[in-house]
Structures are given as C-alpha cells and as structure tokens.
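First comes the structure, then the notes that go with it.
The values are calculated or read from the model by the stated rules, or taken from the named source; none is laboratory data. Because the structure is predicted, anything quoted here is derived from the model rather than measured. Reconstructed Cβ throughout: ideal geometry from the backbone, glycine too, with neighbour counts over all protein chains shown.
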Amino acid sequence: MRRPNNANNYYAQQERAVAVLPEVQDVTALVVRGTVHFAKKHKVITGSYLLGVIVLLFFSAGIPLSRQQQAEYHKIMDSIDLNAEYAASRDYWEAHNAYRATKGWFFSCDGLCQRNKERMKRSQAHLEAIRAESAARVSDAKHAAGGIFSELGVSETKEYFWQMFDSGKQFAKRQSMWDMMFIGIRQIHRGRDETFMEYALKVLIQVLINFSMGLIMALIFFIGGLWSIIRSYQANPLTAVAYFVCAACAAFSFVASYLLAVYGAAATSVYGVLKLAETSSRAQRIGQGQQQRYVGYTAGDRPHYD
C-alpha cells in the first residue's frame, strides 16, 4: 500500500488556492454580451448614440457656402459699426469709474454721485442698444449665409463644444491633482502600511470619477447653450429642433466614446497588472511546491510499499 505524499498534497492545495483571472477571449465575450444586452434594454440611449455617430461621420462639415452667400454674409458683417461700439463702451466705463470714485461709504451718494450715476445709466443703455443692433446684424448675416446647417453654423457649434469639452478636461485634471495629494496625506495620517499598487488603484478610480463628472457637466453645459446658437441663425422651428437633436446626439456620442475609451484603457492596464501578478504568484507557488517535495524526498518521505 502506498503512503500519501504530504508534499504533493501541499502542492495541490497551493495550486488550487491561486486565483485564476479569465482569459482575454472570455473577457471580450463578456463585454460583447453586456453591450448587446444594454443595447436591447436601453433602445433610446442606443439610438441616440448611433444617430450621433452617423452625424459625426457624415455630417460634421456642414453645407458649404456658395459665392453669393459668402458675399452677402461679408456685406452684412462689414455694415456693423465697430467704432461706434468701441466709443460707447469707452464712454460707459468712464462714467462707471466716475460713479465709483464719487460713491460714498455704505451706499451713500451725494448730488455729484447721483449725476455720475445717471450718466452711467445713459451710457450703459446706449451701449446695450448698439450691441443689440450689432447682434441683430450678425444674426441676419448668419441667416443669409445658409442658416444653422451651413458650414458656418456647424463650425460655430463645434467651436463651442470644444470650449466646453476642454473646460471639462481641465476641471478633471485639476481635481485629480488635488485628489492625489489628499489621498496620500490621508493615508499618511492614518498610518496605514499601503502598497504602491493600492495607492495607484485608488488614484485611478478617483481620476475616472473626475473625468466622468467633468465631461458629463461639459455635455450638459453644451446642450444648455446650444439653443442660443441655433436662435442666432433665425432657423424655423422644425429646422431648429432637428439641428438641436443632431448636435446633442453627436456631442453625447463623442463624450460617451471618449469615456468608454478611457475606461477601456484603465481596465486593460489593471487587467494586465493583475495577470502579471497572477503569473508571478503561480510561478512562486510552483517553486515552493517543488522545494517542499524535494525536502520530503530527502527526509525519507518517499513512496514505498508495505
């Protein structure tokens, strides 16, 4: 009868104790199944995303302006009197500074202060009237240039989107820098013996949260300010609603794709590090098992028969 080998039992137990990560093929299949399930369950979100992708791929340039439209646009824009607006702005700030200089403590205002205040109000009203006239002419020029679906309207929309998008990224970067510092200080204050990998994982999660918040808020601000751009082109209600839906879906698709790419890169990095750690741990356990078997063999724990 053969005795049980303790070294072999130890080796088998240690081998079973190693956590096995799923393979790349299994992870890919899981992601595909999850994506299909989400698309079937949330049809409105999926449809909006696909519409945005189509707009980004095929309608991101806008309708080109004809020579006549370009000439009409420049003709109207050249009719705007910029010198008058500059002079009105200068008069307003002179009156504003004079009013602030003669204003007393705790909202007190004597006769000279009251005259300067009335002068400031007249200058402000005059400046606002000139700016309103300039804005109306700019709106007429935009309408004459082909409307909101023209390359001029699409270019202005994209410029506004990139402005909001960059603001969201800057917010995420600033917040992440502060979070990195405070996470380190908090761990030092608590006196925890934390490894670098644990610290890096906490920072990575916080960075993902910050980018999500920043870009989602940028998307909300863009959609909120989109209607003012559409209104400046004097579009009819049907055209305005159609452009609003297309632009909002395109912005949503771009932000969602950007965040998914960031999440995918982060998940791939974490998976690679864990896979490397798993391989190293398995190799270490195999070495320990082989050493244990060798010790058992030299100590006389060899298979024999009674």
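Within the range 56-99, being touching a Ser or Thr at 6+ places or on another chain (Cβ under 7 Å) and not in a helix (DSSP H, G or I) holds for 62, 63, 65, 80.
Among the residues making up the range 8-43, a single one is of a type in the set (Gly, Ala, Ser), at pLDDT 80 or above and surrounded by fewer than 12 Cβ atoms within 10 Å (Cβ to Cβ): 34.
Inside the range 121-162, residues that are buried (at least 16 other Cβ atoms within 10 Å of the Cβ), of a type in the set (Gly, Ala, Ser) and farther than 30 Å from residue 90 by Cβ make up a count of 6. For the range 230-242, the candidate set comprises residues that are in contact (Cβ under 8 Å) with a residue 12 or more places away in the chain and out of contact with any helix residue (DSSP H, G or I) (no Cβ under 6 Å at 6 or more places or on another chain); within that set, the residue that is farthest from residue 48 (Cα to Cα) is 235. Residues of the range 65-114 that are of a type in the set (Gly, Ala, Ser), exposed (fewer than 12 other Cβ atoms within 10 Å of the Cβ) and within 17 Å of residue 134 (Cβ to Cβ): 79 alone.
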